[in-house]
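See structure below.
Please treat every number below as a calculation from the coordinates, not as lab data. Every value quoted in this text rests on a predicted model; they were computed, and no experiment measured them. Note that we place each Cβ from the backbone using ideal geometry, even for glycine, and neighbour counts take in every protein chain shown.
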Amino acid sequence: MYTPLAAASSPEELVDRIVTLYRWAATEIGRRHGIVDKFAGDGVMATFNATGARIDHATLALEAALALRDKPALMDLPIGIGIAVGPAVVTRAAVAEANVSVLGATTNLAARLQTAAESREILLSDEAFRRVAA
């Protein structure tokens, strides 16, 4: 969704939209004890269980997704969201000042779900759905 937006927008307009998205995402993720892993284009990668101690992380991720689903549409910035639950490696890589990075098959699944999601759609992995179904 980013490429067509970038092609149809002036650089200034694109930066304004993307920075606003980042601000909204960081706020909603932080409110739910999540950590932003990275921002890339119109993508936001976050984790909600970096310490491994939370049992409600799937619910928190879904709550953040629901809070973010409609806001970007106000700026004609269509986003889809993917949520996956499972094992992952959480690291700061080789540099102590680096952002937290989350790596592994679960991260890859979340990225594939996000890519498949239509505008304003939230796709969950089977395990994520199982944990939030109630």
CD proxy, 222 nm, the chain: helix-only mean residue ellipticity via -39,500 (n - 2.57) per DSSP H run with n ≥ 4, per residue, nearest 500, stands at -14000 deg cm²/dmol
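With a Förster radius of 35 Å, plug the Cβ-Cβ distance of THR51 and SER10 into 1/(1 + (r/R0)^6) and report the FRET value to the nearest 0.05. Before the final figure, lay out the partial values.
On the way: r = 42 Å, r/R0 = 1.19.
The calculated FRET efficiency here is 0.25.
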HN-Hα couplings for the stretch 56-64 via Karplus (6.51, -1.76, 1.60; θ = phi - 60°), in whole Hz with x for Gly/Pro, come out as 9, 5, 5, 5, 4, 4, 5, 4, 5
What percentage of all Cα-Cα pairs in the stretch 2-132 are separated by more than 25 Å?
-> 23 percent
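Mind ordering 80-86, 108-114 by average Cβ neighbours within 10 Å, highest first? Present the calculation step by step, with values, prior to reporting the outcome.
Values: 80-86: 20.6, 108-114: 17.9.
Output ranking for 80-86, 108-114: 80-86, 108-114.
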Which whole-Hz couplings ³J(HN,Hα) result when phi for each residue of the stretch 44-55 is put into the Karplus expression 6.51 cos²θ - 1.76 cosθ + 1.60, θ = phi - 60°, listed in order with x for Gly and Pro?
-> 10, 10, 9, 10, 10, 8, 4, 7, x, 9, 7, 10
Loop GluC sites (Glu not before Pro), the stretch 38-134 (other Cβ atoms within 10 Å of the site Cβ: 14 or fewer; DSSP) = GLU97, GLU118
